[in-house]
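Enquirer: Before I ask anything, let me first share the structure, which is written out below as C-alpha cells.
Every number in this text was worked out from the coordinates using simple rules, so none of it is lab data. These numbers were taken from a predicted model, which means no experiment stands behind them. Every residue, glycine among them, receives a Cβ derived from its backbone with ideal geometry; neighbour counts consider all protein chains shown.
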Amino acid sequence: MSGAAVSDAAGLGQVQIRAMRNHGYDKGFSSAVTAASSTIGPMIPPSLPAVVYAVAAGISVGALFIAGILPGLIMAGLLLLMVAILSHRRGYPREPVPTAGEAWRAFRGAFLPLLTPVIIIGGIVEGTFTATEAAAVAVLYSALLGGVVYREMKWADFVQVLRETAQLSAAIGLIVAAATLYGSVIIRAQIPQAVLEAFTSFATSPLVVLLVLNLFLLLVGCFLETIAAITILMPLLMPILQAFEIDPMHFGVIMILNLMIGLLTPPLGLVLFVVSKIGEISMVELVRALGPFYLMLVIALVIVTVFPAVVLWLPNMVLG
C-alpha cells in the first residue's frame with residue numbers, strides 16, 4: 001500500500017517479525033522474509049519508484065503500474081517457493097490450512113483496504129483521473145477507512161501522517177530538483193553521448209546491453225537510494241535505450257527490480273538497516289539469512305530481462 005520498500009519493511013516489519021518469532025521461527029529467517037518481501041511492494045501498484053521513473057522516461061504511469069504486476073507476482077511466487085523449501089528443511093511449525101469460513105472472514109475483513117489498488121489502477125485505465133489525482137483519491141479513501149469506517153486513526157495520528165508526508169515529499173522534491181540540475185550539467189558536458197559511444201563499441205544486441213546495465217544497476221543499488229538513482233541515471237540511460245530500441249517500459253521494470261535488490265545489499269542497502277534494527281539482528285546475520293532469497297530475486301530479474309513479454313503483455317492487453 002505504501003509503494004516504497006523501506007516503508008513496508010519499517011511499518012509491517014515490526015508486526016511481522018514479532019508474530020513470526022512468537023510462532024516459533026528463528027530471528028534470521030523472520031528478518032530475511034520481511035526484508036525480501038518488502039521489495040515486492042514497489043513492483044506492484046501503487047509504486048513510488050514507478051511514478052518517478054515514468055516521469056523521468058516520459059511514459060505512462062498507469063501503463064508502467066500494470067507492467068509491474070506480473071513481474072511482482074513472479075517475485076512473490078519465487079519467494080514463496082524458497083520459504084516453503086526452507087521451512088520444510090528446517091522443520092518450522094506449520095499452521096493448519098484455513099477452512100472456507102476462515103478464509104471468507106479474512107477476505108471480508110480485508111476487502112475494503114484491498115480496493116485501494118483497484119481504485120488507483122481502474123481510475124487511471126478508465127481515464128477517470130490522472131496518476132497524480134489517483135494518489136489524492138487513494139489518500140482520501142484510506143483516510144476515510146482509517147478514521148470513519150474502522151475508527152483506528154485519531155486526529156493526532158492524522159496530523160502525524162501529514163507531518164511525515166510533508167517531510168518525505170520535501171526530501172523527494174530536493175532530490176528531483178538536484179537530479180534535474182545534475183542531468184542538465186551532464187547533458188551539456190555530452191556525457192550521455194560518450195557513454196553511448198562506449199556501449200556501441202562492444203554491445204552487439206539489446207540483450208547484451210540489458211545484461212551490462214543489470215550489472216551496473218545492481219552495483220548502483222548498493223550505494224544510491226532508489227529515487228535518487230532513477231532521477232540521476234535516466235538522462236544517461238535514455239539515449240542508450242533509444243539507440244538499441246529497448247522499450248522504456250520494459251527497462252523501467254528491470255531498473256526498479258535491480259534497485260530493489262540493491263536495497264537488500266550491503267554496504268548501504270536501506271532495507272538492511274531498517275530490518276536489522278527492528279529485528280534486533282546484526283547486518284552480517286541478516287545478509288547471511290537473505291542468501292537464498294537473493295537467488296530467487298536474481299532469477300526473477302533474469303526472467304524479466306530475457307522475456308520482455310512478461311512485462312509488456314499485460315499493459316498491451318489492457319491498454320491496447
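Enquirer: Taking H placed 1.01 Å from N in the peptide plane, check which residues at least 5 places from Tyr92 or on another chain put their amide H under 5 Å from its amide H.
Expert: Those lying under 5 Å, H to H, from Tyr92: there are none.
Enquirer: How tilted is helix 155-188 with respect to the longest principal axis of the chain? Cα atoms for both, answer in degrees (0 to 90, nearest 10).
Expert: 20 degrees
Enquirer: Could you work out how much longer the chain between Ala177 and Phe111 gets when fully extended? Use 0.36 nm per residue separation minus the Cα distance between them, nm to one decimal.
Expert: Using 0.36 nm per residue and subtracting the Cα-Cα distance, I get 19.9 nm.
Enquirer: Between 0 and 90 degrees, rounded to the nearest ten: what's the tilt of helix 69-90 against the longest Cα principal axis of the chain?
Expert: Approximately 50 degrees, to the nearest 10.
Enquirer: Nearest 10 degrees, 0 to 90: what angle lies between the long axis of helix 27-37 and the longest principal axis of the chain (Cα atoms)?
Expert: Helix 27-37 and the main axis of the chain meet at about 50 degrees.
Enquirer: How would Met249, Met238 line up from fewest to most surrounding beta-carbon atoms within 10 angstrom?
Expert: Ascending number of Cβ neighbours within 10 Å: Met238, Met249.
Enquirer: Separation of region 57-92 and region 112-130 by C-alpha centroid, Å?
Expert: Cα centroid of region 57-92 versus Cα centroid of region 112-130: 21 Å apart.
Enquirer: For the ranges 85-93, 33-41, what's the packing order if you count other beta-carbon atoms within 10 Å of each residue, average per peptide, and put the highest first?
Expert: Highest mean packing first, the order is 33-41, 85-93.
Enquirer: Return the inverse of the average 1/r over all pairs of distinct C-alpha atoms in the chain, which is the Kirkwood hydrodynamic radius, in Å to one decimal.
Expert: Taking the inverse mean of 1/r over all distinct Cα pairs, the chain comes out at 21.0 Å.
Enquirer: What is the fewest-to-most order of Leu79, Leu215 by other Cβ atoms lying within 10 Å of their Cβ?
Expert: In order of increasing Cβ crowding within 10 Å: Leu215, Leu79.
Enquirer: Given 0.36 nm per residue, what is the gain on full extension from Ala19 to Ala100 after removing their alpha carbon distance, in nm?
Expert: So the extension gain works out to 26.8 nm.
Enquirer: Follow-up. Computed FRET efficiency, Cβ-Cβ of Glu133 and Val212, R0 56 Å: what is it to the nearest 0.05?
Expert: Given R0 = 56 Å and the Cβ-Cβ separation, E is 0.90.
Enquirer: Rounded to a whole number, what is D in µm²/s for region 227-320 from Stokes-Einstein with the Kirkwood radius over alpha-carbon pairs (10 °C, 1.306 mPa s)?
Expert: 104 µm²/s
Enquirer: Hey, with R₀ at 51 Å, roughly what FRET efficiency would Gln160 and Ala189 work out to, going by the Cβ-Cβ distance, to 0.05?
Expert: That gives a FRET efficiency of 0.70.
Enquirer: To continue, here is another question. Tell me what the chain gives for mean residue ellipticity at 222 nm when only DSSP H runs of n ≥ 4 count, each as -39,500 (n - 2.57), the sum divided by the residue total, rounded to 500 deg cm²/dmol.
Expert: So the calculated ellipticity at 222 nm is -26000 deg cm²/dmol.
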